[in-house]
Structure formats: structure tokens, C-alpha cells
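Each remark here refers to the structure printed beneath this line.
The values are calculated or read from the model by the stated rules, or taken from the named source; none is laboratory data. Given the structure is predicted, the values throughout are model-derived calculations rather than measurements. Positions of Cβ are backbone-derived with ideal geometry, glycine not excepted, and every protein chain shown enters the neighbour counts.
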Amino acid sequence: MEVKKLTICFFGDADTIHTVKWVSYFAAKGHKVHLISYSSFKENDARGVKLHIIKRKFSIKLWPINTLLNMPFALLEAKKIIREIKPDIIHAHYLTSYGTLALLSGFHPFVLTAWGTDILVNAKRNFVERIIAKTVFNKADLITCDAEHMKKAMIGLGADASKIKIINFGVDTKRFSPGVKDNKVKKYLGVSGGKTIISLRSLEPLYDIESLIKAASIVLKESPKTKFVIVGNGSRENDLKIMARESGISDSVRFTGRINNNELPKYLRVADVYVSTSLSDAGIAASTAEAMACGMPAIVTDSGENRVWIKDNEGGYLIPTKNPEILADRIIRLINDKNLMKEFGKRNRRIIEEKNSYFGEMAKMEEIYKKLIK
């Protein structure tokens, strides 16, 4: 018997790999997939997905004035799109923006996926966002997140525990896998002769790349051939470059800017150790999981649910936030022990294959959609 294909309407940021991965899976499975977004696809296109861009009428950056002014126009457009495509289900990604827009559309079944900052930071910031969160939680037919502590936080904000499912974003373990080092990438990065440390977190205050720069200064005194590759962009980029230059280590630190997700495996395979200095995480960060899938040892801050995925001294190290001295010590330990790096990397690859496969997690979501529609 032929399985019924669904018409799914997503609400989310088209300019993020997380959204692109979700919508791409269901389009590849033959479902009719639409995405309502304030942004357009950039380097990460989603084949088979119909993108509906909602343009903001007002470009005021001050929240919540920008939301209040733009929401009526965005809502009218969203409702028109929903009437035209007649979806079986709508699914919003991120609570306080797309979640609110999807809620106001009045369509059901309505699924909400929380990403982390929307729950752990924004919803705790002021009473207006807490009211929005509680309202969206009450109206959603199902809520997903990727960590138990996020689930607890949402329950604390008024969500019904029975509505919440843990669904990881998942890693494509076929693309992100151990492999041969790409000589062109090595040459581009200027990494040869020593070990390479890589960070994939955005250059924003939340990710504390400053601590990595400080740790690099310490590491380079003992291991001067070590290279540090910092992938990503953000508001702190110029300050971080100045910091590296004033510390006298700019020749050993390479800022690559943003890199297409399809190219990331090549960069990860060139590196020896992955580092995340984030001050806050939801579940496991996508970049951390991708590095682990490539068979890399990981040094990550003890935040979010990192300790669920990486046991200290098993797969890598858990370190306190804002502690470059301990970070430097752990980096030095690893780069001086080839066998330990190999052992940690194998364990991490196995963990991701078993517990955080992109295809497995999305298949779970597909079954949830079908049950909700029934």
C-alpha cells in the first residue's frame, strides 16, 4: 500500500543549516515541503523545498517594537500562504519569532521546536517573552527539543510535559566521517608541521572565543608549531583579530569566516582537536556532534548536556567556562599524546553513529507527524 505523502509547512530561518537540514530531509522523502521565512537560502540550498519569503515592512532593530509593527503584516501573508498550500501540519522552529507567527496563524496540528537560546536565554529575559512562551506552549500540539534540561526549563515556563519529545538535530554521518586530509585545505589554512586546533562556534559573546585566543597564547609557548583555526563570523570578529595580533600570535591563528556546511568535513579532517568554549548550550551543539562524527577528540565547556555526550577523559575533556588556563592544559595533553587522540576520536564517532544520526532522528519525527495527523 502506498504511504501517503504529507504537505508540511515549516516556519523558520532559511539562512541556517539547522532549518535547511530539517526541511531537506522531508523533501527528499517525497513530501511536499514549504518554508515560510523572513530570510532566503544562502549557500545551503534546500532542494525540493518551496520557499515563501515574508518581507518585513519596518526595519527597526529595537525589540519588541520591530515585532509589534511587523507582525500584523507577516501574519496576513502567512495565513494567505497557508490557505493556498493547504498543509497537513505546520512546524515552527524557534519559539519567540516563528513560533509566535505560527501560533497566530491558528492552524493545527502545530508543532514547535525550541532551539536553546529561545528557552534558556530569551524566555527568561523579561515577563513579555515568558508570557509569549507560555501561550505558545499551551497552543502547540507537540513540542520538541534536543535536551532534557531544555525540557525541564520549558516545563518550568508552563509547558505540558506530555507534549514534549526529545528529537536531536542529528548529524549526517555519511558526510561527516573520518577521512584523508585535503592538501588544498591544509595549504589554504597554512597548517603543516604541527597539530591543528579548530573551533566552529560563531564569533559572538555567547561563545567566548576570547578564552580560546588566551589559551592559544599559553599553548604556543610550549608548542610553537600548533595552529588554531577559527571558523565562523559574528560581531566579535574584528575584536578577536585585534586580540590575536596584540598577543603576538596572529601568525598561528587563522580566521576563515563562515564556511559552507558542505565544506566543513574537509576542514574538520585537517584538524586534530575540536574545541568549544561556549558559555551556554542546549543539547549537543551541531558543530560538536559533527566534529565527533569525523572521529575527533573534543574539548568542550561543561554546559548544557555536553557531559551526556562527552565524559571527561573519555572522548575528550569537559572544562569550566572562561578558564583559558585549563583549556590550554587539556589541549597540550592531547597534542602530546597521539594514541589518546586516536582513542578519543574512535569513541566519539561511535557515540554519534549510535545516538545522534540525522536520518534516525528525522525518521522519528516523520512518524510523529503521521500520528499527529491521524
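Just checking, how many residues over segment 319-374 are of a type in the set (Lys, Arg) and touching a Phe, Trp or Tyr at 6+ places or on another chain (Cβ under 9 Å)?
3
Looking only at segment 271-284, decide whether some residue is assigned to a helix (DSSP H, G or I) and either at negative phi or crowded, with 24+ Cβ neighbours inside 10 Å (or both).
No - not one qualifying residue is present in segment 271-284.
Is there any pair with a first residue in segment 321-344 that is of a type in the set (D, E, K, R) and a second that is surrounded by 14 or more Cβ atoms within 10 Å (Cβ to Cβ) and in a helix (DSSP H, G or I) whose Cβ atoms are under 7 Å apart and which are 6 or more apart or on different chains, and what are they?
Lys322/Ser211; Glu325/Ile218
Residue by residue through segment 192-247, note down the ones that are of a type in the set (Lys, Arg) and either modelled with pLDDT under 95 or assigned to a loop (DSSP other than H, G, I, E, B) (or both).
Across segment 192-247, the qualifying residues are Lys195, Arg201, Lys225, Arg236.
Hey, can you tell me all the residues within segment 307-337 that are in a helix (DSSP H, G or I) and not charged (D, E, K, R)?
Val308, Trp309, Pro324, Ile326, Leu327, Ala328, Ile331, Ile332, Leu334, Ile335
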